[in-house]
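Asker: Sharing a structure here in C-alpha cells format.
The values are calculated or read from the model by the stated rules, or taken from the named source; none is laboratory data. These numbers were taken from a predicted model, which means no experiment stands behind them. Cβ sites come from the backbone with ideal geometry, for glycine too, and all protein chains shown count toward neighbours. Areas reflect the complete protein model, heavy atoms only, side chains present, ligands, DNA and RNA absent. Shrake-Rupley method; radii C 1.70, N 1.55, O 1.52, S 1.80 Å.
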Amino acid sequence: MTGLRIPEAFLYMDYLCFRALCCKGPPPARPEYDLVCIGLSGSGKTSLLSKLCSESPEHVVSTTGFSIKAVPFQNAVLNVKELGGADHIRKYWSRYYQGSQGVIFVLDSASSEGDLEAARSELHSALQHPQLCTLPFLILANHQDKPAARSVQEVKKYFELEPLARGKRWILQPCSLDNVDALKDSFCQLIRLLEEKDQDAARM
C-alpha cells in the first residue's frame, strides 16, 4: 500500500491548517508617502484632512503654522504636512517643500474673484517650483456643496491647467465635506500616481 498512512495524513492536514492560520506572518507594511498640502485660508484643507482621519469637525481649528497628519488608506499611508494659508505665511511655504513626494492643493471653488485669483497665482507658483514641479499633484476644488461653487471645468479653464500642467502628473477633482467617498477616491487616484512615479524611478 502506498501513500500516507491514515494517522500521518491527519497530522499532515493539521500541519497545513496550522500554517494557514498561524504562519502567515504580519501583513506587508504599507508604503508611506510624504506630501505637502497647500491652499489659501478658508479653502478647507484642515477640515478635509480631519474628515479623512475620522476626526470630529467640531474640534477643527484652522492651521496657523503647519501640522502633520498620518492619513491611512488600505494600500498606503499618507503623511500630510499641511501649511497655513494666511497671507503672511504663504511666503514661507517653500521652506517646507523639501522631502515632499506629492502635492495636495485645495481651493475654494465658491470663493470671491480676488481669492480665486490669489489661489491661481499660488498654484502656478507651486507647479513651477523646482522642488515640486516633477511631483504628482492632487488639486481639490472644494466647497462644491455651496450654491456659488464653480464647476471643475470652470476651474480648469480659469486656472489654465491644461497648458500649464501639460506633461505633469496631476488630477483635478471636485469635493466637499458631505461626500467623503468621493474625497477618498480622489486620494486613491493620487496614490496611484505616486505608485507610478515609484515604478518609473525603479526602471531608471
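Asker: Under a plain spin-label model, where a point goes 7 Å from the Cα along Cα-to-Cβ, how far apart in nm are Gln199 and His88?
Answerer: Taking the simple label geometry, Gln199 and His88 are separated by 4.7 nm.
Asker: Still on this structure, I have one more. Hey, what's the stretch 32-203 come to in accessible area per residue, 1.4 Å probe, Å²?
Answerer: 50 Å²
Asker: Which aspartates and glutamates, on any chain, are close to Lys168 with Cα under 16 Å apart, when same-chain ones fewer than 8 places away are left out?
Answerer: The reachable aspartates and glutamates, counting only those whose Cα sits under 16 Å from Lys168, are Glu160, Glu195, Glu196, Asp198, Asp200.
Asker: Further question: Please report, as a whole percent, how much of the solvent-accessible surface of the stretch 32-203 comes from carbon and sulfur atoms (probe radius 1.4 Å).
Answerer: Carbon and sulfur together cover 47 percent of it.
Asker: OK, next. Based on the Cβ-Cβ distance from Gln128 to Gln101, what FRET efficiency comes out when R0 is 22 Å, to the nearest 0.05?
Answerer: The computed FRET efficiency comes out at 0.75.
Asker: Counting only DSSP beta bridges with both residues in the stretch 32-203, what percent are antiparallel, rounded to the nearest 5?
Answerer: 25 percent
Asker: Here is a further query. Among the chymotrypsin sites (Phe, Trp or Tyr not before Pro) within the stretch 145-182, which fall in a DSSP loop and have no more than 16 other Cβ atoms within 10 Å of their own Cβ?
Answerer: Listed in order of number, the matching sites amount to none.
Asker: Checking the a/c ratio against 1.5 first, then a/b against b/c, what shape does the Cα gyration tensor give for the stretch 141-204?
Answerer: oblate
Asker: Something else: Before anything else, pin down the relative contact order of the stretch 32-203: Cα pairs under 8 Å, at least 6 apart, normalised by residue count, whole percent.
Answerer: 23 percent
Asker: Check each of the GluC sites (Glu not before Pro) in the stretch 119-204 and keep only those in coil by DSSP with at most 16 other C-beta atoms within 10 angstrom; list them in order.
Answerer: Here the sparse-neighbourhood loop sites are Glu160.
Asker: Right, something else. Using the 2.2 N^0.38 Å rule of thumb for compact globular proteins, work out how the stretch 79-204 stacks up: its C-alpha Rg over that value, please.
Answerer: Dividing the Cα Rg of the stretch 79-204 by 2.2 N^0.38 Å gives 1.06.
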